[in-house]
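Participant: Dropping a structure here in structure tokens format, bear with me for questions.
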Amino acid sequence: MKRELNDAWLRSVKPPAAGRIEIRDTEVSALVLRVTPNGAMTWSARTRTKDGKQTRPKLGTYPAMGIAAARRAARLAIGGIIGGADPIEEKRQAREARRTRLRMVATGEPSLSNCSAQ
């Protein structure tokens, strides 16, 4: 579904009985609001990376992030993706780095930051 999103309409959105719905903004075409049956409303930007992979990075949640902020965030995310960034891959790499650090702490392995230069 595609429609002009505004605060009054967003406040009136009811969650679907089953499944989830995605509503595209008419002003920023890549901006999507996903509404789940439990009432969660999540902003994302649906676009493609330079190598053609479809990507949908999460921008925030409604009402914590209003429509104006979501549009700004979508424009920034799309600009980064056009410039070659892949926010989903960056998030995966950050998650893996955190897991590696936690494993090193749990096993007592020294990390590069714990080594002193001699």
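Participant: Can you confirm whether segment 47-56 contains a residue that is out of contact with any strand residue (DSSP E or B) (no Cβ under 6 Å at 6 or more places or on another chain), without any contact (Cβ under 8 Å) to a residue 24 or more places away in the chain and closer than 20 Å to Glu90 by Cβ?
Facilitator: yes
Participant: Examine segment 32-42 for a residue that is touching a helix residue (DSSP H, G or I) at 6+ places or on another chain (Cβ under 7 Å), surrounded by 13 or more Cβ atoms within 10 Å (Cβ to Cβ) and under 22 Å from Arg92 (Cα atoms), and state whether such a residue exists.
Facilitator: Checked against the condition, which is being touching a helix residue (DSSP H, G or I) at 6+ places or on another chain (Cβ under 7 Å), surrounded by 13 or more Cβ atoms within 10 Å (Cβ to Cβ) and under 22 Å from Arg92 (Cα atoms), segment 32-42 yields no hits at all.
Participant: Here is a follow-up. Determine if segment 70-83 includes at least one residue that is surrounded by fewer than 17 Cβ atoms within 10 Å (Cβ to Cβ) and in contact with a helix residue (DSSP H, G or I) (Cβ under 9 Å, 6 or more places away or on another chain).
Facilitator: yes
Participant: List the residue pairs whose Cβ atoms are under 9 Å apart, where the first residue sits in segment 20-35 and is without any contact (Cβ under 8 Å) to a residue 40 or more places away in the chain, the second is among the aromatic types (Phe, Trp, Tyr), and the two are 6 or more positions apart or on different chains.
Facilitator: From segment 20-35, the pairs are Val32/Trp43; Leu33/Trp43; Leu33/Tyr62; Arg34/Trp43; Val35/Tyr62.
Participant: Right, next: Just to be sure I understand the filter: pairs with C-beta atoms under 6 Å, separated by 6 or more residues or on different chains, first member in segment 84-98 and surrounded by fewer than 10 Cβ atoms within 10 Å (Cβ to Cβ), second member at pLDDT below 85. Which pairs pass?
Facilitator: As it stands, the answer is Gly84/Lys50, since those pairs meet every condition given.
Participant: Another one. Between a first residue in segment 57-71 that is closer than 17 Å to Val13 by Cα and a second residue that is exposed (fewer than 14 other Cβ atoms within 10 Å of the Cβ) and of a type outside the set (Lys, Arg), which pairs have beta carbons less than 8 Å apart while being 6 or more apart in sequence or on different chains?
Facilitator: Thr61/Ala40; Gly66/Asp7; Ile67/Asn6; Ile67/Asp7
The values are calculated or read from the model by the stated rules, or taken from the named source; none is laboratory data. Quick caveat, the model's predicted, so the values are computed rather than measured. Glycine gets a Cβ as well: all are built from the backbone with ideal geometry, and neighbour counts include every protein chain shown.
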